[in-house]
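Following: one structure in structure tokens, then a few remarks.
The values are calculated or read from the model by the stated rules, or taken from the named source; none is laboratory data. From a predicted model like this one, the values you see are computed outputs, not experimental measurements. All Cβ positions, glycine included, derive from the backbone under ideal geometry; neighbour counts span all protein chains shown.
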Amino acid sequence: MARRQTKRRVFALVAVLLGLGTVAVGYELLIQYTQRGMLARAVEKYVAAAADADFLIAAVGDSHVKGKEAPPGFDYPTQLELRLRTLRPQSKIRVANIGEAGYNTSQAVDRLGNVIEKTGRYPDLVIFTAGYNNIWNFQKAWFIPEDIQGRQLDQQLRYLLAKSANYRLGVITLERMHQLLDENQGYRGHNTAVFNEDDPNEVKFLSSWIKRDVEGLATSLGDQGTRVLLVTYWHPYRWVDEAFEALAETDNVDVADVRGLGFDGLSDGQLADAFIAPGSHPNKYGYARVAELVAKAMDEDGLLPPEKPGNP
């Protein structure tokens, strides 16, 4: 009887382990399938925009580029294209929105590289908004080894914990990591901040991460004659703003500052009432304001194609 019970326990344990393995493999396959689908949609948008463009703009970044919390067609890249047509009516300016919600700067750069590789066409200008999600999303980040990058975020958290001294991570961040791992072994981010945005060392680390990604992007694009226009968020984030301000001194990079949506006299509460959706993204009016400010920056910084003869 005891031997039979032992066999049953062994069989049960093996079944559980096989089940967990099957779930893990299934999960990884689902992630790969989803990523391929998102890339295919980005390529489709890019190809459609490039089809009749004589000046092609790639809008790259996170949910603020994609247009989260606004109706379809009211994201700021789409509204930007309409504004640019009025500034250069004889030019075929097209804006391809290949932003993706939740992306960090490394993923945004990688997305653009993949789209260019698959289409064989470089954009004439890249507008780029990303960096906020770097506080919780480490996918594709240079400081995570390649063999760990594709794993779930709880495994990436464990790696960061092991290397915390290297990156000068503070007590609050270490406690937060332990708490996230203790509460949910399947932690996958869900916009829960990991880094402490009030710690000067961690702000510096986050800023250096953003700066490194954008500098690499600007260098690779500069060889093709493509410029990069960084667009800030409507709300200030220290690690993003410090990186963008430093990058403004870089060759081939310009910055469009849309913090406060250009309204110096309005509080965050007043802005939220008119221009911001419940989830902190701009609403359709907020995105329209971003498009207006970006178009103005492009015009002032000489980023638009030259006016053709006959233009008024």
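A few points about this structure:
- Of all residues in region 255-282 being under 18 Å from the mean Cα position of the chain (by Cα) and closer than 21 Å to Ile127 by Cβ, the one that is surrounded by the most Cβ atoms within 10 Å (Cβ to Cβ): Pro282
- Test for Pro77: is it assigned to a loop (DSSP other than H, G, I, E, B) and either in the same structural domain as Ser220 (by TED's automatic domain parsing) or in contact with an Asp or Glu (Cβ under 6 Å, 6 or more places away or on another chain) (or both): no
- Leu206 vs. criteria within 30 Å of Glu249 (Cβ to Cβ), part of a helix (DSSP H, G or I) and in contact with a helix residue (DSSP H, G or I) (Cβ under 7 Å, 6 or more places away or on another chain): yes
- Any hit, region 144-166, residues being on the phi < 0 side of the Ramachandran plot, in contact (Cβ under 8 Å) with a residue 24 or more places away in the chain and not in a helix (DSSP H, G or I): yes
- Output for region 54-87, where each listed residue is more than 19 Å from Lys284 (Cα to Cα) and either under 23 Å from the mean Cα position of the chain (by Cα) or surrounded by 19 or more Cβ atoms within 10 Å (Cβ to Cβ) (or both): Leu56, Ile57, Ala58
- The listed residue being in the same structural domain as Glu81 (by TED's automatic domain parsing) and assigned to a helix (DSSP H, G or I), out of Gly279, Gly225, Gly260: Gly260
- Here Tyr233, Tyr159, Tyr237, Tyr167 are screened, and the one residue that is among the aromatic types (Phe, Trp, Tyr), touching a helix residue (DSSP H, G or I) at 6+ places or on another chain (Cβ under 9 Å), assigned by TED's automatic domain parsing to the domain that holds Tyr287 and surrounded by fewer than 21 Cβ atoms within 10 Å (Cβ to Cβ) is Tyr237.
- Scanning region 283-301 for residues that are assigned to a loop (DSSP other than H, G, I, E, B) and surrounded by 15 or more Cβ atoms within 10 Å (Cβ to Cβ) turns up just one, Asn283.
- The criterion of being of a type in the set (Asp, Glu) and in a loop (DSSP other than H, G, I, E, B) holds for Glu69.
- Residues of region 228-257 that are among the β-branched types (Val, Ile, Thr), under 19 Å from Ala291 (Cβ atoms) and assigned to a strand (DSSP E or B): Val228, Val231, Val255.
- Which listed residue is part of a strand (DSSP E or B) and more than 13 Å from the chain's Cα centre (by Cα), from Val115, Val95: Val95
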